[in-house]
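A short reminder: the numbers here are calculations on the coordinates, not readings from a lab. Please read these numbers as outputs of a predicted model, since none were measured by experiment. Here the Cβ positions follow ideal geometry from the backbone for every residue, glycine too, while neighbour counts run over all protein chains shown.
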Amino acid sequence: MASEYFSSSRSDWCALCKCFVQPHGNAKRMHERSEKHKKNVERKLKDIRHKEANEKKESDKLQKEMAEIEAKAAEAYAADLAAAARAREQEANAKRELETAIERELHAREEAEYRATQVLGAWKFDERSKYYWHAKSSCYFDPKTKMYFNNGTKVKLCRLRQLLRRQLTGSKCRLRSKP
């Protein structure tokens, strides 16, 4: 039976030449000295060198690309920092301008109130009559009708002013009779 045939010496496999070689030393040496095996070894070493060179080129290319990416990222980061600094500076300037404008407005209002009280005197609300009373001019002001009244005669003090306004706007004006 062929499958039961036992061989005490198995053949060796040459991976470069892809063939079996007899296991005894003389056959191995003859195979290793052959031109075919030498060319295959030389081709394998050449392939290894090319593979290493290609890997080195790839790694160099990858490192170069990474360095470029890092440089671009650093530039973008610096630009973002500069833009953020400008934005913060603009916000700070706008805030300062707003604060100074508010401060000026408050100061102007305080000044106007002070001058109005100095020139005209202060208006005080009279609970009894439900009118505002101005002591300096002895006048009442009715907030509902927006009319000014003299204390003694109850004559409308601003009638002349209202007539002038109506004449300037071009509307017809009628005088009201005294109540």
Query raised in the report: Which ³J(HN,Hα) values in Hz, rounded to whole numbers, follow from the phi angles of region 138-143 under the Karplus curve 6.51 cos²θ - 1.76 cosθ + 1.60, where θ = phi - 60° and Gly and Pro get x?
Result: 6, 10, 10, 10, 9, x
Query raised in the report: Which value in nm describes the separation of the simple spin-label points at K28 and E97, placed 7 Å from the Cα toward the beta carbon?
Result: 9.1
Report summary line: Label model pair E89, E68: point-to-point distance (7 angstrom along the Cα→beta-carbon line) in nm is 3.3
Query raised in the report: Order of 124-133, 56-65 by packing, highest average Cβ count within 10 Å first?
Result: 124-133, 56-65
Report task. For region 30-37, take each phi angle, set θ = phi - 60°, evaluate the Karplus expression 6.51 cos²θ - 1.76 cosθ + 1.60, and give the result in whole Hz per residue in order, putting x for glycine and proline. Result -> 5, 5, 5, 8, 6, 5, 4, 5
Requested in this report: Would you please classify the overall shape of region 1-103 from the alpha carbon gyration tensor, given that a ≥ b ≥ c denote the square roots of the eigenvalues, rounded means a/c under 1.5, and beyond that prolate means a/b larger than b/c while oblate covers the rest?
Outcome: prolate
Requested in this report: Give the cross-link partners of K36 among the aspartates and glutamates, using a straight C-alpha distance below 18 Å as the criterion and excluding same-chain residues fewer than 8 apart.
Outcome: D12, D47
Query raised in the report: Expressed in nm to one decimal, what extension gain is obtained for the pair A79 and S59 from 0.36 nm per residue of sequence separation less their Cα-Cα distance?
Result: 4.2 nm
Query raised in the report: Using 7 Å Cα-to-Cβ label points, what is the S129/N40 separation (nm, one decimal)?
Result: 12.8
